[in-house]
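Here is the structure we will look at.
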Amino acid sequence: TRLTDQEVKDLHRSGIHLSTPETLQHRLDALVASGQLSAADAEVLFSKSPFHSEQCQGRTGKFWMTSHPVSVEDCGVVPLMERWGGEVASFWLRDLQLSSSLVEIGTARVIEIAAPLEKTRHSHSAATAAVATFGRHIGAIPGKSDFDLYVNAPLEPGSVLAVHMEGDTTFAAIGKSYPPGYIDVDTGRWKELTGEDD
């Protein structure tokens, strides 16, 4: 995502808050108060948010993340890194002028999180990924079994393991060689299975 320095300080101080219309309004108000966004633009962003669409139920009271590292160059990640706000503020925005102003706010960052399974509904997917990892360890050729997941309860500050910022060595390496020893086993898997190029 793209975060301001203050938002990163807030993460380290109070942990992960769930996404709600109220938390979005709080984030927008903070940008207006700091002079980084006009009140009119904040109002437009809030009114165009997925919270005011059929996506409301799928977004409210959740904090979404991925199970495995994803490269910051991935086509699904790039739009989230380009503009401040994330999926509930700017991802679906079609106003090019307003969208371009969000590029100037914050810095692209990846939040590395330890999410307890009891705060998610994804224990089966996590178990599948763990079995796939074990299978790789003993010589099988399973896929990595990555998945999107969300927590439905706030996370303590200690759950934020690291915040990687654009320009950091680790930022560019995420999903490639970071975390140390990480290998995307899905890259080249077809060749492993069949001997044919992907």
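Every number in this text was worked out from the coordinates using simple rules, so none of it is lab data. This one's a predicted model, so the numbers in the text were calculated from it and none came from an experiment. A quick note on method: Cβ atoms are made from the backbone with ideal geometry, for glycine too, and the neighbour counts reach across all protein chains shown.
Listing for the model above:
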| item | result |
| --- | --- |
| Loop sites in the stretch 62-113: GluC sites (Glu not before Pro), DSSP, at most 11 other Cβ within 10 Å | GLU104 |
| For the stretch 2-180, with +1 on Lys and Arg beta carbons and -1 on Asp and Glu, the positive-most of SER177, GLN55, ALA130 along the dipole | ALA130 |
| DSSP-loop GluC sites (Glu not before Pro) across the stretch 21-71, with at most 11 other Cβ within 10 angstrom | GLU54 |
| Lys/Arg +1, Asp/Glu -1 at C-beta; the chain dipole; positive extreme among PRO69, LEU161, VAL88 | LEU161 |
| In sequence order, calculated HN-Hα J values of the stretch 187-195 (Karplus, 6.51, -1.76, 1.60; Hz; x Gly/Pro) | 6, x, 5, 4, 5, 4, 6, 10, x |
| For the stretch 50-98 versus the stretch 116-155, the gap between their alpha-carbon centres in whole angstrom | 22 Å |
| Distance in nm between pseudo-label sites at THR20 and TRP64 (7 Å out along the Cβ direction from Cα) | 2.0 nm |
| 222 nm mean residue ellipticity, helices alone, for the chain (DSSP H n ≥ 4; -39,500 (n - 2.57); rounded to 500) | -10000 deg cm²/dmol |
| Pairwise FRET efficiency - PHE147 versus ALA172, Cβ, R0 = 25 Å, nearest 0.05 | 0.55 |
| Estimated FRET transfer efficiency when R0 is 35 angstrom, pair GLU54-GLU196 (beta carbons, to 0.05) | 0.25 |
| Cβ-based charge dipole, the stretch 2-180, positive-most Cα from ALA108, LEU98, SER34 | ALA108 |
| Loop-resident sites, the stretch 70-133, for chymotrypsin sites (Phe, Trp or Tyr not before Pro), counting at most 16 other Cβ within 10 Å (DSSP) | PHE91, TRP92 |
| Directionally averaged projected area (convex hull, Cα atoms, the chain), nm² | 12.6 nm² |
| Spin-label model distance (nm) - ALA127 vs ASP186, 7 Å beyond Cα toward Cβ | 2.2 nm |
| Cross-link reach list, lysines versus LYS191, counting only Cα pairs under 25 Å and skipping chain neighbours closer than eight places | LYS144, LYS176 |
| Charge dipole (debye, nearest 20) of the stretch 1-44; +1 at Cβ of Lys and Arg, -1 at Cβ of Asp and Glu | 180 debye |
| Cα-based convex hull volume of the stretch 87-198 per residue, rounded to whole Å³ | 175 Å³ |
